[in-house]
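The values are calculated or read from the model by the stated rules, or taken from the named source; none is laboratory data. These numbers were taken from a predicted model, which means no experiment stands behind them. Here the Cβ is made from the backbone with ideal geometry for all residues, glycine too, and neighbour counts use every protein chain on show. Please note that ligands, DNA and RNA were not included when accessible areas were found on the heavy atoms of the full protein model with its side chains. Shrake-Rupley method; radii C 1.70, N 1.55, O 1.52, S 1.80 Å.
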Amino acid sequence: MKSIASAPAKIILFGEHFVVHGTKAILAAIDKRVTVTSTFTNDNTIKVNSQLGTLEIPISSSYEEAKSEFRPFIFLANKMINSNQNVSGLEITIDSDIPIGVGLGSSSACCIAAAASISELFKKLSSEKILNLAIEAEKTIFPDTSGADCTVCTYGGMIEYPSIEKISNTFDLNLLIANSMIPHNTKNSVEKVNKFKENDEDRFSQLCNLENRLIDEVIIAMKNNDTTTLGSKMSENQKYLEEIQVSNNTLRNMINSLNEISLGSKITGAGDGGCVIALVEDENMDKVPALLPKDKEYFSAKIDTKGVVWSTIEE
Ligand code: PMV
């Protein structure tokens, strides 16, 4: 039997970093996906095939023995195999069209798709259980995760976090995503923000309050289809991200250029590299190539409404 699951990438529209410290956030799943296929083998190993390489280790190995990029998969395999001693091997294959390490939630989507795919070989789990399992798996590489990324990958659509309330998206604007092509490390950026907080608890707490207030205003703007306010709130959010120092010259230049033709733009995800998002009207989309340096990639994202999906095939 083969178990196949896929999960979407995500963008954070509002609230990255502050969400790790308990504020609200607004996220959306987008139309890029990772697919994870799992199957039993008789090899007495756990084998993981991915774009990052292949790992094959004895079935008795613990996840701590694996290189960090493989740990979530071995953790999930360990967890399921321990609940069913009759298993004599597992092969897990990851195929992804989500760029890695650029703030589009590739690691969370992998954890969700892997949790759904591997668990389905053993027992039926609800989406909520798959989400909890995936967050535990992601914590093997990133202990401070807010869980917001995994949550939107699970349920799809646009959501407010942590309430998981769906936000209906009626505005007719392009969500332009531009990749700075500078890879980032979420763990390092989150640690940097922790240091900012330690150095200035008062200002950080003010910024958290400002972020929560901004998100309340965004929800109202979205309900009223007020795209001008929505765009200006993105730019306001960017100021908070600048203040906690997760921006850099490359990102700032991209944002400043995109501001010429968009209603607002900001970093999405951990920053220090990765992607920026901009709200762009249709008639301005053809101006984008001239505004971005030639080495940057960009695309217009559609919101994914499916979230994680999974099924099995008898062989
Ligand atoms: O850049 P990404 O996709 O790893 O997003 C990280 C978002 C943070 O808010 C910085 C961390 C988190 O766990 O929410």
Restricting to the range 166-199, what's the tally of residues that are more than 16 Å from the ligand (Cβ to nearest atom) and either surrounded by 12 or more Cβ atoms within 10 Å (Cβ to Cβ) or within 24 Å of residue 305 (Cα to Cα) (or both)?
10
Residue under question is residue 41, and the condition is that it be among the hydroxyl-bearing types (Ser, Thr, Tyr) and free of Cβ contacts under 8 Å to residues at least 60 places away in the same chain; does it hold?
yes
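Sort out which residues of the range 47-77 are among the basic types (Lys, Arg) and under 16 Å from residue 106 (Cβ atoms), and write them in order of number.
71
Does residue 146 count as more than 15 Å from the chain's Cα centre (by Cα) and assigned by TED's automatic domain parsing to the domain that holds residue 64? So that I can check it myself, show each step before the final result.
Details: more than 15 Å from the chain's Cα centre (by Cα): no; assigned by TED's automatic domain parsing to the domain that holds residue 64: yes.
Taking the combined requirement at face value, the residue does not satisfy it.
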Under 9 Å between Cβ atoms, at least 6 apart or on separate chains: pull out the pairs that start in the range 1-12 with a residue that is within 16 Å of the ligand (Cβ to nearest atom) and end on any residue that is open to solvent by 10 Å² or more (accessible area, probe 1.4 Å) and among the acidic types (Asp, Glu).
8/31; 8/304; 9/31; 9/97; 9/304; 10/149; 10/304; 12/149
Could you figure out which of (1) surrounded by 22 or more Cβ atoms within 10 Å (Cβ to Cβ); (2) out of contact with any Lys or Arg (no Cβ under 9 Å at 6 or more places or on another chain); (3) of a type in the set (S, T, N, Q) isn't true of residue 132?
(1)
For the range 204-215, how many residues are open to solvent by 30 Å² or more (accessible area, probe 1.4 Å) and touching a residue at least 40 places away in the same chain (Cβ under 8 Å)?
1
Going through 277, 255 one at a time, which residue ends up being assigned to a strand (DSSP E or B) and either in the same structural domain as residue 25 (by TED's automatic domain parsing) or open to solvent by less than 20 Å² (accessible area, probe 1.4 Å) (or both)?
277
Residues of the range 255-275 classified as hydrophobic (A, V, I, L, M, F, W, C), touching a residue at least 60 places away in the same chain (Cβ under 8 Å) and within 13 Å of residue 242 (Cα to Cα), total
2
What's the total number of residues in the range 252-285 that are farther than 16 Å from residue 173 by Cα, among the charged types (D, E, K, R) and out of contact with any Lys or Arg (no Cβ under 9 Å at 6 or more places or on another chain)?
1
Which ones in the range 93-110 are touching a Leu at 6+ places or on another chain (Cβ under 8 Å) and either outside the structural domain of residue 152 (by TED's automatic domain parsing) or crowded, with 18+ Cβ neighbours inside 10 Å (or both)?
98
State whether the residues of the range 103-120 include one that is without any contact (Cβ under 8 Å) to a residue 60 or more places away in the chain and touching a Ser or Thr at 6+ places or on another chain (Cβ under 7 Å).
no
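Looking only at residues in the range 109-151 that are assigned to a helix (DSSP H, G or I) and among the polar types (S, T, N, Q), which one is nearest to the ligand (Cβ to nearest atom)?
Once the filter is applied, the top-ranked residue is 151.
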